[in-house]
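In what follows, a structure is listed as structure tokens, so that the remarks can point back to it.
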Amino acid sequence: MTRDRYDAIVIGSGHNGLTNACYLARAGLSVLVVERNDYIGGAAVSRELQPGWTYTNCSYVCSLLRPEIIRDLELSKYGLQVIPYGGGATLMRSGDSFSAYTDHYAYRRELARHSAKDADAYERYSVDVMRQCRFIRPLLLRMPPDPTSFKPRDLGELLFLGKRFWDLGERDMCETLRFWTLSIADYLDQYFESDVVKAHLAGSGIIGTALGPYSPGTAYVLLHHYMGEVDGSAGSWGFSRGGMGAITRAMTRSLEASGGEVLTGSGVDRVLVEEGRAAGVVLANGNVHRARTVISGMDVKRTFLEAMEAQDLPGEFLDQVRRFKIRGSSGKLNIALDGLPEFPQIDSDSAVQYGEKHFTETMEDLERAYDDWKAGTWSRWPYVDMLIPSQFDPTVAPPGKHMMTAFIQYAPPTLKSGEPWDGPAREAFGKTVIDQIATFSPNFKDLIVHAEVRSPWDLEQEVGLTEGNIFQGELTFDQLLFNRPVPGYAQYRTPVPGLYLCGSSAHPGGGVMGAPGANAAREVLRDLRAPQTVREMGR
Amino acid sequence: MIIRRNTVEARHREAVRPTPFHTRTSAACLSNEWTTWAGYTVPNVYDDMTYEYFTVRNQVGVLDISPLSKYRVRGPEAEAFMNRLLTRDARKLSPGRVAYALWCNDDGHVIDDGTVFRLGEEDFRLCCQEHQLGWLSRSALGFDVEIEDETAALGALAFQGPTSCAVLRRAGCEGIETLRPFDTRDFDLQGIAVTVSRTGFTGDLGYELWVAAADAPVLWDRLFEAGALHDPRPVGLAALDLLRLEAGFIVTNTDYVSAELALRRNRGRTPFELGLERLVDFEKGHFTGRRALLEAQRQGPRRLIVALDIEHNKPAQDALVYLGGKKQVGHITTAAWSPTCKRNIALATLEAVTARRPNPDLRVEIYVKKELKWRRLMARAKIVDRRFFDPERRRTTPPADY
Amino acid sequence: MSSSFDAVVIGAGHNGLVAGTYLAKAGRKVLVLEACGSPGGAAASEEIAPGYQVPTYAHLLFNLDPVVVRDLRLERHGLRYAKGAMATAALDRDGRHLIIGEGLEGLGGRGIAATDLSAWSDMSARLRRFAVTLAAFLAKTPPRLGSGGWDENRTLLELGWKIRRLGRDDMREFLRVVLSNVADLVEDELEDPLLQAAIAFDAVLGGWTGPRSPGTVLPLLYRLTGDSAGLPAARRLPQGGVGALTQAMAGALREAGGSLRCDARVARVRVEGDRATGVVLEDGETIAAGSVLSSIDPKRAFLELIGPHHLDAEFAQRANQIRMKGATAKLNLALSAPPLFSGLDTTQQAERLLIAPSIDDMEVAFNALKYGELPQTPPMEIVVPSLADPSIAPDGGHVLSAVVQYVPFAVKGGWDAVREDFQTSLIAQLEAYAPGLKDSVVAAQLLTPADIEERLGTSGGHWHHGELAADQMLMLRPFQGAAQYATPIDGFYLCGAGAHPGGDLMGTAGRNAARRVLRREGTT
């Protein structure tokens, strides 16, 4: 039963919106989450599109979800099980392959098979990347400081940042500066000589970004994917049992247990602004829900350019929002399978059969895939991150059947040719990916029961992500930390008092991490002088 | 187009591999208690650890040390390369000699330690604990050398104990008794080429034997046949760990962290902090870490590895060390009851200021479980010479027929 | 034979000569050694056909440090300008060219929308403010991070303070764009593709980056520092060719009492007791020196002249991993008639001309470079110096000089197989803008990055002795541990473009290094 007035209304039931709502509800606030779709989840969603098969339509792996949030919101009590998985392989056109085993010795042996030096280099690489993770991780669950401000809290945060940096010592300070500005290709060249090893590792530097592996700044993107952890094991990946939707389902239960409400089928037409303050939301169906605080989980463009009147916002701020780079570059295929496809380049009993598979074996493959995107079309030989989660999650496909998820980099939000995505183009895009996988799996095509093909355009239509950008904004330095989403508004507050951002457009950015949602809740509670339920990391 | 597989090796099977002696060690390993060492399986205990320990101190023990990382460095600039790599003067090492040495990164922090064999004018072998191909290759930039990883190609046995010389002589190593400590020589054992060095990790009289992997099982058999009268026994890694502690030897990534693996760079240790300043030669020309070490020498060490003699008989593994029972000043990295010295011994890393005090009041926090009940002991400890056990026979040439 | 100097400078390019002169002026006994037959380095001229003096590599004076000009009294030593304050004409295939006044002032030529005019005026003013903020740091030794020394930290605090002094809005914008890409910067505010590309061109010139590569705004700001440092016309044409600059510098060196020796290739730096004590020439001659300064690229300086034997292993690796893949070639043409770029008036013909139709065209050309392929239509910067300075060509003849962007160092299939076709295609590309040019070619010289490496010795043929990017700037140039001119080898210094602040004919690196040498001598 909805009331007519809430303490807080959260727009969007994605993982960040729900995380935010949960923390607010736990502080005793009355909270309503409004969701446009008839189902919850945003981009952390699972749905049954084919009877018996659970499609995790958008995001597909879980490692970035902060353990602090899982614990604070008691998500395991509400049904969330994160199961670690690991390993993966790059299958090569020569018939050879490169397998990244989770077992230390097997991985070493495989690395050494491609290059004896690279086996040693990998250990050095792991340590160096972990050093960077150690530096960045405490910044995730903190508010970024405004470097132009003289407020004590901003100065304090700047000092915290500065001291952490200074404590690294000269050598690592310089390494950090380089790490943040190097391309993933140049970064990996410092360690490895084998093309396939480099190509395998470079994938994490380009996932979700409209940059190629030769673009400076992609080393940081790799870090963004590595800073996750499962059970304290940094950089490892996990699966949520029941699909990614299980995360938002557990969050919803947690929210409801704290007295919060979720209203589906309730798209926001606009944010209600009265006397210069956020006062609630007006739904597309005309209903009005009032609250003294509104928190938007939508991306910054959708929030300010679509759900608000220009007159309520400063012109320069709107210019900055328009300028925010939110480039769709990723697609997704979700494929229901009649059985397990074979990948004969790898032993059928190898552990990496459970892991992700890629079919791009050189940096040039990856960069050319990016060139296609720049030219306004999908990659002819894309970077594919393919997984079959039904191999270890019995809930997502009927017994003996399987569910495949394939993330694809790159596909543009609009095609240069002018063709619409919802037509033959989408089919052709899907065929490109299916053909690529089938090149390495002789029985794959015969097993396909149904394939859902999602271009960036589809992601935008369904989830509401502008241009279909999975991170709600590019992860380049001009849009990170105090620059995210807009300089001067990186602290979750907006020019409209009472209106906050809690989506991935805000610091620290995308991935099923929950940190923006948690950080935004901390700031809301501060402003409301309500009991604080969100701890700061590193304090 | 469908791509066919073109490789056959199953990398994920036997991720941990047998050593060249595996057929022999597995037959002898009655306990079936194995351990993994650098990607290889070796027996931790063959039968009875105490028995194995005393075999080395009393007769002769055979240890499969094949998992040691072994690298061959050859080429016109091999000596220059080794001299730039090591903190010791490689030019002073003549062919036929072995040296214990360590090497540092640019910060002067130790990467690993090991033994360096000079097999010829332009031919060295380096044996160590950690994988070093990466570091050696990076160090080789601009040097005319060739570096080969011999780890898999070579089997290695430690043949240690008072009767080791006698058995080797009987096995056909003619003139073995003339080998001085840190000498190395090639022998032909009825058709098998074996390199024997008078080196070891037990602190006792002993040798290490280096052999082509294919010849390894035969060498094992020959040694046991020749030793029939002296009863050599295979010895597992558990006993070795005790033996090396008695001898005061440190192990990389147990007693100090390799600079290459230290996530926090300040956890790296200089040779001075390991108590190994005798291995640093500033007069020999440039070597990696030299400038940093000169600075470190000027500033003095911040921590020191020391040997402790602790009261009571409970081994103090991983225990914290306090000064005056209150201030934490370090921790123990290896500890055991020494059956030969009858002392409770340990290696510890302490703050240098404390370690250098005269007779500091050190207490070691040991937890003892008695009938499921835990008790905390604050055992007194004193800093002693690191060579807990250092018998004369280790140095005597020719060794006596014990 | 042996001789002894206070300081020996390796390489008589502009930075080497500047460093040598400053030291000589401070009373030091200085010898500058040059491997080639004449000084100049990348600021040299040569005759490619009788009477045709082409600027072999660099063809414009750009960001030349005014302090150096003043201190060395270069104008007294013969530095004259055939043309100052050059404008830029961005060429359009249909003749609707865009003219950008020097110092980013004024737009002319094709009809530019009023919105673009005002946006450009805002933007250029803003970029200059940012450049001014950076400019002060070009003349300083970069701080050593974490050193704790007050002097070092002061430079950092000053930089922070300067950025803060920009005011809140500018500071925010500065921190946003400083590591951003130039394509976004110009596309966000400007409409005209030719204008967008002309600005982007300056951001990527000489580098291994496309306009869409993040980090390309920073080199653009660097390029704008010159005209912010009080010199209104940053791009100029020296009378008598670019070589005249280094000739003047050589004159200044001589006047200050320094010596210059050409045809003296240094084989190695002599290191004794962890100290540089002199150099050994290729013929075996040893020259003793209290200090040795190297203006050659840092990779070669450390790995060949010093040698890894004297370096720590990780330090040597860092030197080896300096990013310096050359991406820029040079085309020099001797012409029997003046080239006539259609749609330009006579004065405009003599300005700096750009062929860069759009950001996308540049990006496509960059794509080829990434894979070691040749771009179809590479962006070019063209000058016809003989229009302003007839002395460098025979009567009626002319010299055309083009810097060609996005040419790989190692081309697929090897340069021998493609060189001729590539040269023909470049001339054809010019012909499309200047009909009749092809038939007037008397002689042509194409210098690929591989040629430049061979001729100048610069690793990878890189124009700036190392990519000018955030990971190799300030205290990271050329890399940590060697970024303060002094090196771990006592008495051995870097003074070339591989050191802070980097490439272009600035002379600042040479000046900073000389000051560093004098300061260190003072303390020991």
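The values are calculated or read from the model by the stated rules, or taken from the named source; none is laboratory data. Source: prediction; values computed, not measured. Reconstructed Cβ throughout: ideal geometry from the backbone, glycine too, with neighbour counts over all protein chains shown. Surface accessibility is based on the protein's heavy atoms, side chains included, excluding ligands, DNA and RNA. Shrake-Rupley method; radii C 1.70, N 1.55, O 1.52, S 1.80 Å.
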Review point. How many partner chain Cβ atoms sit within 10 Å of a residue's Cβ in peptide A:109-122, on average, as a whole number?
Key: 4
Review point. Hey, with R₀ at 45 Å, roughly what FRET efficiency would residue A:422 and residue C:443 work out to, going by the Cβ-Cβ distance, to 0.05?
Key: 0.15
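Evaluate Rg over Rh across region B:59-132, taking Cα atoms for both radii and Kirkwood's formula for Rh.
Working: Rg = 13.0 Å, Rh = 12.9 Å.
Checking Rg against Rh, the ratio lands at 1.00.
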Revision key, fill the gap. Expected vector for region A:406-412, Karplus 3J(HN,Hα) from phi with 6.51, -1.76, 1.60 and θ = phi - 60°, integer Hz, x for Gly and Pro, equals 10, 8, 10, 10, 10, 9, x
Review point. With no solvent and one point on each alpha carbon, what is the Debye value of log10 I(q)/I(0) for chain C at q = 0.05, 0.09, 0.12 Å⁻¹?
Key: -0.18, -0.61, -1.12
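With r as the distance between the Cβ atoms of residue A:155 and residue C:169 and R0 = 22 Å, compute the FRET efficiency 1/(1 + (r/R0)^6) and round to 0.05.
Step by step, r from the Cβ atoms, then E = 0.65.
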Exercise for review: For region B:353-396 and region A:380-410, compute the distance between their C-alpha centroids and round to whole Å.
Suggested key: 57 Å
Check your understanding: Give or take rounding to whole Å, what are the principal axis extents of the alpha carbon atoms in region C:179-220, in descending order?
Key -> 25, 18, 13
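Work out the mean other chain Cβ neighbour count within 10 Å for the residues of B:147-154 and drop it here as an integer.
Partner-chain Cβ atoms within 10 Å, mean over residues of B:147-154: 1.
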Check your understanding: Please state the Cα pair-distance histogram of chain B with 10 angstrom bins from zero: what percent is in each bin?
Key -> 5, 21, 30, 27, 14, 3, 1, 0
Exercise for review: Would you pull out the residues with amide H under 5 Å of residue A:89's amide H, same chain only if 5 or more places away, H placed 1.01 Å from N?
Suggested key: A:100, A:356, A:357, A:358
Point to revise | Over chain B: helical MRE at 222 nm, DSSP H runs n ≥ 4 each giving -39500 (n - 2.57), nearest 500 | key: -5000 deg cm²/dmol
Review point. Hey, what did chain C get for relative contact order, percent, Cα under 8 Å, at least 6 apart?
Key: 24 percent
Practice item. Output ³J(HN,Hα) for region C:53-60: one whole-Hz value per residue in order, computed from phi by the Karplus curve 6.51 cos²θ - 1.76 cosθ + 1.60 with θ = phi - 60°, and x for Gly and Pro. Key: 9, 9, x, 4, 10, 5, 10, 9
Point to revise | Hull volume in cubic angstrom per residue (convex hull over the Cα atoms of region C:344-461) | key: 122 Å³
Exercise for review: For residue B:374 and residue B:229, calculate 0.36 nm times their separation in residues minus their Cα-Cα distance, and state this gained length in nm to one decimal.
Suggested key: 47.5 nm
Exercise for review: Take A:513, A:130 and sort them by solvent-accessible surface of the protein heavy atoms, 1.4 Å probe, largest at the top.
Suggested key: A:130, A:513
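For chain A, which longest stretch is free of loop sites, where a loop site is one of the GluC sites (Glu not before Pro) that DSSP puts outside H, G, I, E and B and that has at most 10 other Cβ atoms within 10 Å?
Values: sites that count: A:275, A:309.
Result for the longest clean stretch: A:1-274.
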Exercise for review: Would you mind checking the radius of gyration and Dmax of chain A based on alpha-carbon positions, in Å?
Suggested key: 22.4, 68
Review point. For the pairing of chain B with chain A, what total accessible surface becomes buried, with a 1.4 angstrom probe, in square angstrom to the nearest 100?
Key: 3100 Å²
**Study point:** Label-point gap, in nm, between residue C:255 and residue B:401 - each point 7 angstrom along Cα→Cβ
**Key:** 9.3 nm
Point to revise | Quarter of the Cα convex hull surface for region C:64-221, i.e. its orientation-mean projected area (nm²) | key: 12.2 nm²
Practice item. Go ahead and estimate [θ] at 222 nm for chain C from helices alone: -39,500 (n - 2.57) per DSSP H run with n ≥ 4, summed, over the residue count, rounded to 500. Key: -10500 deg cm²/dmol
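Compute the accessible area per residue over the protein assembly as shown, keeping the other protein chains in place, probe 1.4 Å, unit Å².
Values: 51290 Å² over 1465 residues.
Value for the protein assembly as shown: 35 Å² per residue.
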Study note, to complete from the structure: Among B:70/B:382; A:117/A:431; A:357/C:370; A:151/C:162; C:299/C:330; C:29/C:330, the pairs whose Cα-Cα distance exceeds 31 Å are B:70/B:382; A:117/A:431; C:29/C:330
Check your understanding: Expressed as a whole number of Å, what is the distance separating the alpha-carbon centroids of region C:47-100 and region B:121-194?
Key -> 66 Å
Practice item. Pull up all non-local amide H partners of residue C:40: gap of 5 or more, or a different chain, and H-to-H distance under 5 Å with H placed in the peptide plane. Key: C:12, C:13
Check your understanding: Name the chymotrypsin sites (Phe, Trp or Tyr not before Pro) in region A:386-442 that are in a loop by DSSP and that have at most 14 other C-beta atoms within 10 Å, would you?
Key -> A:392
Study note, to complete from the structure: With label points set 7 Å from each Cα along the Cα-to-Cβ direction at residue C:151 and residue A:316, the distance between them in nm comes to 4.0 nm
Point to revise | Nonlocal amide H pairs with residue A:66, under 5 Å, H built at 1.01 Å | key: A:515
Check your understanding: What longest range of chain C stays clear of loop-exposed GluC sites (Glu not before Pro) (DSSP non-H/G/I/E/B, at most 12 other C-beta within 10 angstrom)?
Key -> C:283-524
**Study point:** Heavy-atom accessible area ranking, 1.4 Å probe, most first, across A:262, B:62
**Key:** A:262, B:62
Check your understanding: If you wrap a convex hull around the C-alpha atoms of region C:369-524 and split its volume per residue, what is the figure in Å³?
Key -> 158 Å³
Review point. What area, in nm² and to one decimal, does the C-alpha convex hull of the protein assembly as shown cast on average over all directions?
Key: 58.4 nm²
Exercise for review: Could you check the simple spin-label distance between residue C:26 and residue B:31, using points 7 Å along Cα→Cβ, in nm with one decimal?
Suggested key: 6.9 nm
Check your understanding: Given only helices, namely DSSP H runs of n ≥ 4 each adding -39500 (n - 2.57), what is the per-residue ellipticity at 222 nm of chain A, to the nearest 500 deg cm²/dmol?
Key -> -10500 deg cm²/dmol
Review point. Counting alpha carbon pairs within less than 8 Å and at least 6 residues apart, what relative contact order, in whole percent, applies to region B:1-44?
Key: 37 percent
Point to revise | Percent of alpha-carbon pairs separated by more than 28 Å within region B:130-283 | key: 34 percent
Check your understanding: In terms of Cα to Cα distance under 15 Å, which aspartates and glutamates are near enough to residue B:327, apart from those fewer than 8 places away along the same chain?
Key -> B:351, B:361, B:365
Practice item. Return the loop-located trypsin sites (Lys or Arg not before Pro) in region A:395-456 (DSSP other than H, G, I, E, B) with at most 15 other Cβ atoms within 10 Å of their own Cβ; answer none if there are none. Key: A:416
Review point. What's the Cα-based Rg to Rh of region C:296-397, Rh via Kirkwood?
Key: 1.17
Check your understanding: When the label point is put 7 Å from the Cα of residue A:287 along its Cα-to-beta-carbon vector, which residues of region A:23-50 have a backbone N closer than 14 Å?
Key -> A:32-39
Revision key, fill the gap. HN-Hα couplings for region B:133-147 via Karplus (6.51, -1.76, 1.60; θ = phi - 60°), in whole Hz with x for Gly/Pro, come out as 4, x, 5, 4, 5, 5, 5, 7, 3, x, 10, 7, 9, 10, 10
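By how many nm would the segment from residue C:38 to residue C:267 lengthen if fully extended, with 0.36 nm per residue of separation less the alpha-carbon distance?
80.6 nm
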Review point. Excluding the sites themselves, what is the longest stretch of chain B that contains no GluC sites (Glu not before Pro) in a DSSP loop with at most 14 other C-beta atoms within 10 Å?
Key: B:175-370
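Calculate the FRET efficiency for residue A:49 and residue C:428 from the Cβ-Cβ distance with a Förster distance of 60 Å, rounded to the nearest 0.05.
Step by step, r from the Cβ atoms, then E = 0.60.
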**Study point:** Protection proxy ranking of C:8-18, B:231-241 - average other beta-carbon atoms within 10 Å, highest first
**Key:** C:8-18, B:231-241
Check your understanding: Taking Rh as the Kirkwood radius, which is the inverse of the mean 1/r over Cα pairs, what is the Rg/Rh value for region C:129-257?
Key -> 1.05
Check your understanding: Nearest-5 percent of antiparallel DSSP beta bridges in the protein assembly as shown?
Key -> 80 percent
